[in-house]
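First comes the structure, then the notes that go with it.
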Amino acid sequence: MEGKASESGIAAMADHYKNFDPATYLNNFLVPEVSRLDKEDSHLSWILSRLHRAFSEGDMKGDLLVDIGSGPSLHQVMSACEVFNKVVLTDFLEVNRNELKLWLQNGSSKIDWTPFLKKICELEGRSPSEWTEKAARLRQVVTDVLPVDVHRPQPLALDALHPSGANCILSTFCLECVSPDLDAFNKALGHIGGLLRPGGHLVIIGCLEESYYYGGPGVKIPVVPVDDAQLCKSLKENGFTLIRLEIFQDPDTNKASDEKGIFAVKARKS
Ligand code: SAH
């Protein structure tokens, strides 16, 4: 019974995503943040600085990073692209994969990524004018944009990765936003962990205690609310050793979601 309930919940989530619209998503969650990138306490500054720290500590490098549920977004891999030889982007929806491919192939995308690239150059102690080099580096290291489904025990196509797995799995605002309940969230975490080689790293950022967000015009997507205690439990149950969990209590009220804050996790596969 429980399996059936979970299966129908997962199918219902997939239905919600049929009307996801990349432009609306970017306009709801990233565009309004651009003017506040200089403010330390802004939502996006916090995310970018956590990612910068996670990828500049010297403990994560290697052949391959896989970003799970990239959406139409690129900011989440702009720090990581400096320390991995290969970055694979993934998403469940073709519209999102196409949006990513457009930018990678030098096409015009729905958002100008320049301010994000400049901000990350600044975090790295480089001149913002070096953003063009960062853009070139990102285009060079992203080797694939692949379909993914975190609810499958094998989320990527069988031959998508080298059998030894990835050095790092990154995922931002995905697992809780695509899972109908905590059981599915837990399992999805285990599935993406399965893509990691032993000793590999997991970096996840997501929303705390959120129950919905708007992913398209009038497209209200349910989110499974998670808190820090639940997160730690899920990581432990799935064989991860926590390195760091940080929480940002968001002072802003973005009307496109009821998020209460953000978590950032760095963990290691035992
Ligand atoms: N990581 C991006 C996008 C997050 S939005 C960012 O931080 O901005 C959530 C994403 O999960 C969407 O792009 C959606 O297409 C994707 N998604 C939906 N169902 C999924 C599934 N079953 N497996 C993996 N990703 C899924």
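The values are calculated or read from the model by the stated rules, or taken from the named source; none is laboratory data. Only a predicted model underlies this, so the values are computations on that prediction, with no experimental measurement involved. All Cβ positions, glycine included, derive from the backbone under ideal geometry; neighbour counts span all protein chains shown. Note: accessible area is taken over every heavy atom of the protein model, side chains too, but ligands, DNA and RNA are not part of it. Shrake-Rupley method; radii C 1.70, N 1.55, O 1.52, S 1.80 Å.
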TODO: Determine if the range 35-54 includes at least one residue that is touching a residue at least 40 places away in the same chain (Cβ under 8 Å), outside any helix (DSSP H, G or I) and near the ligand (Cβ under 10 Å from one of its atoms).
DONE: no
TODO: Within the range 105-115, identify whether any single residue is open to solvent by 60 Å² or more (accessible area, probe 1.4 Å) and in a helix (DSSP H, G or I), and answer yes or no.
DONE: no
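Which residue out of Gln140, Gln154 is out of contact with any Cys (no Cβ under 8 Å at 6 or more places or on another chain) and within 15 Å of the ligand (Cβ to nearest atom)? Show your work before the answer.
Details: Gln140 fails: within 15 Å of the ligand (Cβ to nearest atom).
Selected residue: Gln154, the only one of Gln140, Gln154 that is out of contact with any Cys (no Cβ under 8 Å at 6 or more places or on another chain) and within 15 Å of the ligand (Cβ to nearest atom).
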- [ ] Considering only the range 182-205, state which residues are within 16 Å of the ligand (Cβ to nearest atom) and touching a Ser or Thr at 6+ places or on another chain (Cβ under 7 Å).
- [x] Asp183, Ala184, Phe185, Asn186, Ala188, Leu189, Ile192, Ile204, Ile205
Task: Subset of the range 126-138 [open to solvent by 70 Å² or more (accessible area, probe 1.4 Å) and among the charged types (D, E, K, R)] - done: Glu133
- [ ] Could you check how many residues of the range 128-166 are part of a loop (DSSP other than H, G, I, E, B) and among the acidic types (Asp, Glu)?
- [x] 2
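Would you point out which residue out of Ile204, Ile192, Ile169 is outside any strand (DSSP E or B), buried (at least 22 other Cβ atoms within 10 Å of the Cβ) and among the aliphatic types (A, V, I, L, M)?
So the residue among Ile204, Ile192, Ile169 that is outside any strand (DSSP E or B), buried (at least 22 other Cβ atoms within 10 Å of the Cβ) and among the aliphatic types (A, V, I, L, M) is Ile192.
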- [ ] Within the range 247-266, identify whether any single residue is in a helix (DSSP H, G or I) and surrounded by 18 or more Cβ atoms within 10 Å (Cβ to Cβ), and answer yes or no.
- [x] no
Open item on the list: If Gly199 meets every condition in (1) part of a loop (DSSP other than H, G, I, E, B); (2) of a type outside the set (A, V, I, L, M); (3) on the phi > 0 side of the Ramachandran plot apart from one, which number is that one?
Closed with: (1)
TODO: Check Leu123 against each of (1) open to solvent by less than 20 Å² (accessible area, probe 1.4 Å); (2) more than 17 Å from the chain's Cα centre (by Cα); (3) aliphatic (A, V, I, L, M) and name the one condition it does not meet.
DONE: (1)
Open item on the list: Can you tell me which of (1) touching a residue at least 60 places away in the same chain (Cβ under 8 Å); (2) closer than 25 Å to Ala188 by Cβ is the one Lys101 doesn't meet?
Closed with: (1)
Open item on the list: Criterion first (in a helix (DSSP H, G or I) and closer than 23 Å to Val95 by Cβ) does Ala229 satisfy it?
Closed with: no
Open item on the list: Being in contact (Cβ under 8 Å) with a residue 40 or more places away in the chain and under 23 Å from Lys39 (Cα atoms) narrows it down to one residue among Cys177, Cys207; which is it?
Closed with: Cys207
TODO: Could you please give the count of residues in the range 16-52 that are more than 16 Å from the chain's Cα centre (by Cα), under 24 Å from Pro128 (Cα atoms) and open to solvent by 40 Å² or more (accessible area, probe 1.4 Å)?
DONE: 10
Open item on the list: Need the failing condition index for Lys61 against (1) more than 14 Å from the ligand (Cβ to nearest atom); (2) at pLDDT 90 or above, just the number.
Closed with: (2)
Open item on the list: Quick check on the range 65-84: of everything there that is touching a Ser or Thr at 6+ places or on another chain (Cβ under 9 Å) and more than 10 Å from the ligand (Cβ to nearest atom), which residue is most open to solvent (accessible area, probe 1.4 Å)?
Closed with: Glu82
